[in-house]
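Engineer: Mind looking over this structure? Questions follow.
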Amino acid sequence: MGSLTGFEKIVRQAEPLAMHTWFQLGGPAEHFAEPRNADELIALVKRCRSEGISVRVLGRGSNLLVRDEGVPGLVVRLSEPAFSEIRVAGNTILAGGGARLGRVVTTAVREGLAGLEVLVAIPGTLGGALHGNAGTHGGDIGQWTAQATVVTHSGDVVTRHREEMVFSYRQSSLDELVILSAKLELEDDDPHELGKRLQKQWIIRKASQPMGHQCAGCVFKNPRGVSAGELIESAGLKGTRIGGAVVSDRHANFIIAEPECTSNDVLRLIDLIRAQVHDRLGVELELELEIW
Ligand code: EPU
């Protein structure tokens, strides 16, 4: 264990990351930790800082492709209950960065708090959603975020208030190492009405996006508000395959990993889509998917 001596209870070596991602592809993390509480997490981050070990935070792996060769350094996952509490007080929700976004959304709806119901069916953790300002055409998480507590790369805990945070399309200023928790300020509404809206959104999403497949979320951002899926379809790329990686027939901004698919297949397909959309339509696609 060398430089991570003293953390044996929570750190594992050469942990396969494929099983921690929706794509179920990619190699191992050199070190992998699931700290049991914030103090343990902070101590680990500080040790890595002093030992020069890089640290990455893994949410639920729904917007992530890990390369076949895996990643050096430490990967941290906030899977323990201490990071996933959800508490409701008046019209605010205080939730841990490791909480599933879906649970935060359903809690809000059940409590008659409006705003988050448009995010139904977005996978991942609250921390991941805040980091990439997850959203749909109906809105994004950033607009409801009043406060976030983060751990910086040096292991300091800092609280960011609404006026210091900037959220834009699939981007947020919360790019510090770990999002420990966030406070969301929502609007009062009728739980029954909210439940109906949530169901409607869920049905639309199910009909327009691949579900139950081995894939992540959308691969590319929508350039200037145009659907990247629509552009990829117009370029004639639905169903295009490289190895086990295929452009979804249902929504062209999704890549499905079939059995025997490797991360390299997905990366090559991403390059091909980018090149063809550029050559045929003159549009430069930017990745939304994170690649490690
Ligand atoms: N369309 C096509 N072909 C396709 C896909 C879409 O013609 O293969 C057309 C649709 O028919 C529709 C338009 O494009 O007219 C928009 O499609 P959709 O409603 O599916 O939305 P999108 O812009 O493609 C965005 C987000 C999704 C989010 C949906 C629903 C991005 C990159 N994508 O997709 O988010 O779920 O809106 O609000 O912003 C994600 O970010 O991972 C993601 C899946």
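Engineer: Filter the range 172-198 down to residues that are at pLDDT 95 or above and either within 16 Å of the ligand (Cβ to nearest atom) or at positive phi (or both), then give me how many there are.
Structural biologist: 1
Engineer: Would you tally the residues in the range 184-242 being in contact with a strand residue (DSSP E or B) (Cβ under 6 Å, 6 or more places away or on another chain) and basic (Lys, Arg)?
Structural biologist: Residues that pass the stated criteria total 1.
Engineer: Let me ask something else about it. Considering only strands (runs of 3 or more DSSP E) fully contained in the range 1-96, which possess at least 1 residues that are among the acidic types (Asp, Glu)?
Structural biologist: Ranges flagged: 11-16, 28-33.
Engineer: Could you tell me which residue of the range 246-257 is surrounded by the fewest Cβ atoms within 10 Å (Cβ to Cβ), considering only residues that are more than 14 Å from TRP22 (Cβ to Cβ) and in contact with a strand residue (DSSP E or B) (Cβ under 7 Å, 6 or more places away or on another chain)? Quick ask: steps written out before the conclusion?
Structural biologist: Step one: filter the range 246-257 for residues more than 14 Å from TRP22 (Cβ to Cβ), giving 246-247, 249-253.
Now drop any that are not in contact with a strand residue (DSSP E or B) (Cβ under 7 Å, 6 or more places away or on another chain), which leaves 246-247, 253.
Numbers: VAL246: 22, VAL247: 24, ASN253: 24.
For the range 246-257, the residue satisfying everything is VAL246.
Engineer: Examine the range 243-263 for a residue that is near the ligand (Cβ under 7 Å from one of its atoms), in a loop (DSSP other than H, G, I, E, B) and hydrophobic (A, V, I, L, M, F, W, C), and state whether such a residue exists.
Structural biologist: The answer is yes; a qualifying residue exists.
Engineer: For the range 149-164, check the following and say yes or no: at least one residue is closer than 16 Å to ASN63 by Cα and of a type in the set (S, T, N, Q).
Structural biologist: No.
Engineer: Let me confirm something: among VAL118, VAL109, VAL71, which residue is aliphatic (A, V, I, L, M) and farther than 18 Å from GLU185 by Cα?
Structural biologist: VAL71 is the lone residue from the list that is aliphatic (A, V, I, L, M) and farther than 18 Å from GLU185 by Cα.
Engineer: Could you list, in sequence order, the residues of the range 153-171 that are in a loop (DSSP other than H, G, I, E, B) and within 16 Å of the ligand (Cβ to nearest atom)?
Structural biologist: If the condition is that a residue be in a loop (DSSP other than H, G, I, E, B) and within 16 Å of the ligand (Cβ to nearest atom), then TYR169, ARG170 are the ones that fit.
Engineer: Quick check, is GLU69 surrounded by fewer than 21 Cβ atoms within 10 Å (Cβ to Cβ) and more than 18 Å from GLY26 (Cα to Cα)?
Structural biologist: no
Engineer: Oh, and also: Pull out all pairs, ordered by first then second residue, where Cβ-Cβ is under 7 Å, the residues are six or more apart or on different chains, the first lies in the range 214-235 and is closer than 26 Å to THR21 by Cα, and the second is among the small types (Gly, Ala, Ser) and not in a loop (DSSP other than H, G, I, E, B).
Structural biologist: Close Cβ pairs satisfying both conditions: GLN214/ALA257; CYS215/ALA257; CYS218/ALA228; PHE220/ALA228; LYS221/ALA228; ASN222/ALA228.
The values are calculated or read from the model by the stated rules, or taken from the named source; none is laboratory data. Because the structure is a prediction, the values reported are computed rather than measured. Neighbour counts run over all protein chains shown; Cβ positions are idealised from the backbone, glycine included.
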